[in-house]
Amino acid sequence: WTNACCSHPQPNVSMETCLIQRLQYEMGIHCETFEKVGTHHYQHTFANGLIEHEFDHIYLCQIPRNSKIQPNPQEVESFIWLPPQDITMWLQEHPQQFSPWFPQLWPSVLPKVTSLPDASQLPSYAA
């Protein structure tokens, strides 16, 4: 498991435009209001020899409750929406179930995500 929407901005495209386009493409969510949480630098070597060495910009987006989540099956295998405390507990109990960078960046995101709606208030999933 990991965060939604990882990408590299294209030349001459603003970060904001890239964010809007990528969130729409990957998750089918339209959002134009983002909050930059910070940045994160990491390097990880995978078992197959692939090396990632990234400097990430981390953003949060609050989407309207009436939004439909329509993941692109070419980009998204599965998704789940959880309250922050559930994510924290899951990370503590099963860190190996997450991408190498997610447990590193979650502590910087957690203070910004003070509350998320419960499941009955989440945007609907359009299959």
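The values are calculated or read from the model by the stated rules, or taken from the named source; none is laboratory data. Treat the numbers as computed from the prediction; the structure is a model and nothing was measured. As a convention, Cβ positions derive from the backbone with ideal geometry for all residues, glycine included, and neighbour counts pool all protein chains shown. Quick note on the areas: whole protein, heavy atoms, side chains included, nothing else; ligands and nucleic acids left out. Shrake-Rupley method; radii C 1.70, N 1.55, O 1.52, S 1.80 Å.
May I ask you to order 44-50, 70-76, 28-34 by the average number of other C-beta atoms within 10 Å around their residues, highest value first?
Ranked from most to least packed, the peptides come out as 28-34, 70-76, 44-50.
Skip the ligands, DNA and RNA, and give the accessible area per residue of the chain with a 1.4 Å probe, whole Å².
Per-residue value: 68 Å².
Restricting to DSSP H runs of at least four residues, report the calculated mean residue ellipticity at 222 nm for the chain, -39500 (n - 2.57) per run over all residues, nearest 500 deg cm²/dmol.
Rounded to the nearest 500, it is -7000 deg cm²/dmol.
Can you pull the percent of the chain's accessible area that's carbon plus sulfur, 1.4 Å probe, other chains left in place?
53 percent
If you average 1/r across every pair of different Cα atoms in region 1-53 and take the reciprocal, what Kirkwood value do you get, in Å?
Radius from the Kirkwood sum: 13.1 Å.
Return P(r) of the chain (all Cα-Cα pairs; 5 Å bins starting at 0; whole %; ordered from short to long distances).
2, 9, 17, 22, 24, 17, 7, 2, 0
For each cysteine in the chain, check whether another cysteine's C-beta sits under 4.7 Å from its C-beta; list those where none does.
Cys5, Cys6, Cys18
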